[in-house]
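One structure is given below, encoded as structure tokens.
The values are calculated or read from the model by the stated rules, or taken from the named source; none is laboratory data. Quick caveat: nothing in here was measured; it's all calculated off a predicted structure. We place every Cβ from the backbone using ideal geometry, glycine too, and count neighbours over all the protein chains shown. Calculation scope for accessible area: heavy atoms of the full protein, side chains included, ligands and nucleic acids excluded. Shrake-Rupley method; radii C 1.70, N 1.55, O 1.52, S 1.80 Å.
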Amino acid sequence: MKKILLATLLGVVPSVLLGQSAIDAYQLSQGDLKGTARFVSMGGAFGALGGDLSTLNQNPAGIGVYRSSEIGVTMDINMQSTKSNSMGYSLSENQTKVYCPNFGYVGSAKLNSEVMPIFNWGISYGRTASFDRIYRGGMPNIETSMSNYIADFSNGFSPNELGMTEDYNPYWYSNADWLSILAYNSYMINPIGNTSNYNGLYQEGTAGDAMFAVRERGYVDEYSINLGGNFVDMVYWGVGLGITDLDYVKQTFYDEELVNARIPSKSGITTTTGDAYYCLDNFKHIGGTGVNFKAGLIFKPINEFRLGFAVHTPTYYDLRHDFDAVTDFNYSSGIDNYDYTEVAIFNSKLNTPWRIMASAAGVIGGRAILSFDYEYNAYNDMVVKNDYGYTDDDVSRDIDRYFKGQNIFRVGAELRVTPKFSVRAGYNYQMSNVNDGAQEGSDYVYTSGTDPSYTFDNKTQYITWGLGFRTGGFYIDAAFVHKNRESEFHAFSRYGLEPGEAYKLPLNAPIAPKATIKDNNNSIVLSVGYKF
């Protein structure tokens, strides 16, 4: 039976057994390489360097490096290309976005002190994550149906609990999963005789294809307030408060076209064999605000070498969710119509992963910089709470089962060709933060709401380069960023848990439809600013 999560709903629906899942927490906690053109052109390897507006969102000790005030703004043209592949069937999607990923101000005051000669403060806006992505594809020769997956966790609820009548609305009064209710009223699942057990559409001899389309959009914007300085021009320090604004929208379409399926008869009471078509459209919106704290140090024992360290607390979010779904169904027995859910609205709380960064940088001959960063994100320590602040133990177990700590490596280089002109390059590698059991499909994956699909990232790489020009206090920087990301889309989880098992699936569990997703995105980033 599918695990169902308790949440408090407001407004449209008074109460329902639905809630945020580990998959939602994972999606909302993803980061990105965003910032000034100089920062991204060096792969984001700035933890031991500082002196750049983007470091206010990374290592706040970077503000202690400033010896003058600065104001700057950045623009980004992002060209996205996404390709899906499932059993040799490929489809591509493209889109272009233009936005401002960073602007800020740093103020600097000389204290005339040998111990702490300079004190700095700064305010910045930074886009730390972009959720924009479109992908779609076909999945030929599927080996099971989403309807069978739904039937598997719907067993135990009587038809009277799931069926919609003039006098009874199961979305208001039933404890059943909303996807079970929607599937029952769309004849995707049908009761076995006079029992509370169900069959899906797929049976021995069934064949068919599936299609999917996913559109994600949204962002995490962070407004940072930082203070910092240095001690005897050797130890630079900084602390920061981050106020985040999160907005995430996901629209998912999934359909199946089956022949020789187990379909409802014309009466809708018994089943027969025939052709079936249905589609499921899901809409999900999550929005909210959060707060986090950062602290960092940069140690410069000699002018040619620096070490950096920073720690970020989780971002503590208060979130509002809303979702709904609709089906369109047609069976050769003559039954065709559409059905839809109520609109669910509820609140939750999310603590994103802790982040720890260690960095080293060297200055070569006063003209070149070589910088290295390592970052660890504790994805297995994410926390989901209900609106009253109580931790959801079921979701915590899912998080621990599906996710692991993520390692990120960054390297950057800069060469000052002339006193005014510089060239830069960088590389950024983000390892997968998903455990093998969830990634490979040997574990049951629980979702929430009425969308059973999920997408796990395997790895992400950035290759970057750029140019910089400075004259007087004015500067202009340009960067080109190539992002390559490999992911896997799952239409729904494999199913068929043995009694007493919460995650582990048997070897003969049905193979759910899935597709490989590859993103190849290119960005042109331009920054201008003035130091005074």
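Quote the charge dipole size of the range 184-264 about the Cα centre in Debye, to the nearest 20; the model charges only the Cβ of Lys and Arg (+1) and of Asp and Glu (-1).
The calculation lands at about 260 debye.
Towards the positive end of the charge dipole of the chain, with charges on Cβ (+1 Lys, Arg; -1 Asp, Glu), say which of MET188, ALA129, ALA325 has the farthest Cα.
Positive-most Cα among the choices belongs to ALA129.
Return the lysines within reach of LYS284: Cα separation strictly under 18 angstrom, same-chain partners fewer than 8 residues apart disregarded; answer none if there are no such residues.
In chain and number order, the partners are LYS250, LYS349.
I'd like to know which of GLY437, ILE517, LEU507 lies farthest towards the positive end of the charge dipole of the range 392-532, counting +1 on Cβ of Lys and Arg and -1 on Cβ of Asp and Glu.
Result: ILE517.
What does the accessible area per residue of the range 290-405 come to in Å², with a 1.4 Å probe and no ligands, DNA or RNA counted?
Accessible area per residue: 46 Å².
Would you list which aspartates and glutamates come within 18 Å of LYS300, measuring only between C-alpha atoms, while excluding same-chain residues fewer than 8 positions from it?
ASP52, GLU114, ASP233, ASP373
What is the ratio of the Cα radius of gyration of the range 18-66 to 2.2 N^0.38 Å, with N the residue count, to two decimals?
Ratio of Cα Rg to 2.2 N^0.38 Å: 1.53.
Placing unit charges on C-beta atoms (Lys and Arg positive, Asp and Glu negative, everything else neutral), compute the dipole magnitude of the range 326-445 about its Cα centre in debye, rounded to 20.
So the magnitude is around 1380 debye.
For the range 295-310, what does the Karplus curve 6.51 cos²θ - 1.76 cosθ + 1.60, with θ = phi - 60°, yield as ³J(HN,Hα) per residue in whole Hz, taken in order and with x for Gly and Pro?
For the range 295-310, the Karplus curve yields 8, x, 9, 10, 10, 10, x, 9, 4, 8, 8, 9, 10, x, 8, 8 Hz.
Rounded to the nearest 20 Debye, what is the dipole magnitude of the range 219-361 about its Cα centre when Lys and Arg each give +1 and Asp and Glu each give -1 at the C-beta?
860
Among LYS459/LYS483; LYS459/LYS518; LYS34/LYS404; LYS83/LYS404, which pairs are too far apart, with a Cα-Cα distance over 18 Å?
LYS34/LYS404; LYS83/LYS404
Relative contact order, percent, of the chain when contacts are C-alpha pairs under 8 Å separated by at least 6 residues?
Dividing the mean separation by the residue count of the chain yields 19 percent.
Give the cross-link partners of LYS97 among the aspartates and glutamates, using a straight C-alpha distance below 18 Å as the criterion and excluding same-chain residues fewer than 8 apart.
By straight Cα distance, LYS97 reaches ASP32, ASP76, ASP132, GLU216, ASP221, ASP247, ASP519.
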